[in-house]
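All remarks here apply to the structure that follows.
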Amino acid sequence: MKKKMVVIGFGFMGAVHAKNILENERLELCAIIDNRDSIFEEIEKTGNHGELGLPIDRLKKVPVYKTLEECVSKEQPDAVSICVPLFLHYELTRKALEFGLDVLLEKPFCPTPEQCDELIALAKVKGRILMVAHCVRFSPAWQFLSECIRDKRYGELKLLNASRMSGEPAWGAWQDEKIKKTCGGSLFDLLIHDIDFVISCFGKPEGIELNLNVDEYWEFELKYHEQLAKVSIKGGFLHRHTTFTSEYVATFDKGSVRYSSLQPEFIYTGTDAGSEIIEVKGDGYANELDYFAGCIEAHKPPIKCLPEEARTAIDICRKIKVLCPET
């Protein structure tokens, strides 16, 4: 039997989650929760990935509620996907867990590590699944890099440079200046993807070095034991409507690996034996949703994406902010 799932917040990410729930054989999109009167207006034009290809006709058949309380009483869902501005994450996640629901919370986790800790503890008390949706962990191009690091097919990793840039968001809640100020800027909204990926490979860093900050653009290093690779991350928000790019360059003892979202179908490698182009297939958002579905079916914790690690990413972002107090 399919698990009944609700999407809370029908902006860019809510629409992406709703689409993937509809397309997942394990899940049923039983409701959408959004307090706006018109949730479909210009939804296809939102976000930084162009056309979303939403099944609008199917989505318009899904019941829409204003509150979680009303939805739970009428639909009796099994789980929720929370896709609202950051300042609402703690309260809505706490409420959903109190209702006995499994929770997929769109990144970033919560504004403070203390709030993250409270929710992690509450999920354990309630016996519910809590997973923070860090989709890069499930993106095929980044999964390939993670596998290369773990199985050492190109030897030991020596250097990882990740970059992620886009125009400052000009859609949804970002248009409200009061809400925009609560979202944490490009560190929490954008670069946290790369921070979390590094955590998934190496764990919590021993230190952080900030090399450059101009407005919402950042360059910094995550410091690990000298025997591990050098890790640098750069990027942030540029002028509005600037094309989104996500890239990595990884150098190993016996080869190098490169990827750019500007050519999302391919990964480029180079070794002493020559160069190779590896085709990339699959969708990170769909993979992430299916993994969460498996967790709630089996009632097992999301080992591939634990909330404790998402909490570490929040802590790192806050420490980087401290290194640059004027931000």
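The values are calculated or read from the model by the stated rules, or taken from the named source; none is laboratory data. What you see is a predicted model; the values in this text were computed from it and never measured. Methodologically, a virtual Cβ is constructed for each residue, glycine included, from the backbone with ideal geometry; neighbour enumeration extends over all protein chains shown.
Provide a single number: the residues in segment 23-53 that are within 24 Å of GLU70 (Cβ to Cβ), modelled with pLDDT of 80 or more and crowded, with 16+ Cβ neighbours inside 10 Å.
Going through segment 23-53 one residue at a time, the tally reaches 9.
Tell me the residue from ILE314, ILE277 that is in contact with a Phe, Trp or Tyr (Cβ under 8 Å, 6 or more places away or on another chain) and surrounded by 15 or more Cβ atoms within 10 Å (Cβ to Cβ), please.
Selected residue: ILE314, the only one of ILE314, ILE277 that is in contact with a Phe, Trp or Tyr (Cβ under 8 Å, 6 or more places away or on another chain) and surrounded by 15 or more Cβ atoms within 10 Å (Cβ to Cβ).
Among GLU114, GLU69, which is the only one that is assigned by TED's automatic domain parsing to the domain that holds ILE21, closer than 24 Å to CYS317 by Cβ and out of contact with any helix residue (DSSP H, G or I) (no Cβ under 7 Å at 6 or more places or on another chain)?
GLU114
Before we move on, is LYS107 in contact (Cβ under 8 Å) with a residue 12 or more places away in the chain, crowded, with 16+ Cβ neighbours inside 10 Å and not aliphatic (A, V, I, L, M)?
When the stated conditions are applied, LYS107 passes them.
If the Cβ limit is 7 Å and pairs must be 6+ apart or interchain, which residue in segment 286-312 that is within 16 Å of GLU106 (Cβ to Cβ) pairs with which residue that is part of a helix (DSSP H, G or I) and of a type in the set (Lys, Arg)?
What qualifies is TYR291/LYS304; CYS305/ARG137.
Can you say whether GLU226 is within 19 Å of the chain's Cα centre (by Cα), over 22 Å from ALA310 (Cα atoms) and not basic (Lys, Arg), as far as the supplied structure shows?
For GLU226, the condition - within 19 Å of the chain's Cα centre (by Cα), over 22 Å from ALA310 (Cα atoms) and not basic (Lys, Arg) - is not met.
Among the listed residues SER186, SER139, SER166, identify the single one that is under 17 Å from the mean Cα position of the chain (by Cα), closer than 30 Å to LYS254 by Cα and hydroxyl-bearing (Ser, Thr, Tyr). It would help to see each step written out before you state the result.
Working: SER186 fails: closer than 30 Å to LYS254 by Cα; SER166 fails: closer than 30 Å to LYS254 by Cα.
When all the criteria are applied, what remains is SER139.
Of all residues in segment 177-219 being among the basic types (Lys, Arg) and part of a helix (DSSP H, G or I), which is surrounded by the most Cβ atoms within 10 Å (Cβ to Cβ)?
Filtering segment 177-219 for residues that are among the basic types (Lys, Arg) and part of a helix (DSSP H, G or I), the one surrounded by the most Cβ atoms within 10 Å (Cβ to Cβ) comes out as LYS180.
Sort out which residues of segment 246-277 are in contact with a helix residue (DSSP H, G or I) (Cβ under 7 Å, 6 or more places away or on another chain) and among the β-branched types (Val, Ile, Thr), and write them in order of number.
Within segment 246-277, VAL257, ILE267 meet the criteria.
Tell me whether segment 215-222 contains one or more residues that are within 20 Å of LYS107 (Cα to Cα), within 17 Å of the chain's Cα centre (by Cα) and not β-branched (Val, Ile, Thr).
There is no residue in segment 215-222 that is within 20 Å of LYS107 (Cα to Cα), within 17 Å of the chain's Cα centre (by Cα) and not β-branched (Val, Ile, Thr).
Can you name every residue in segment 232-274 that is of a type in the set (A, V, I, L, M) and surrounded by fewer than 13 Cβ atoms within 10 Å (Cβ to Cβ)?
Taking segment 232-274 first, the residues of a type in the set (A, V, I, L, M) are 233, 238, 249-250, 257, 262, 267, 273.
Hits for segment 232-274 are LEU262, ALA273.
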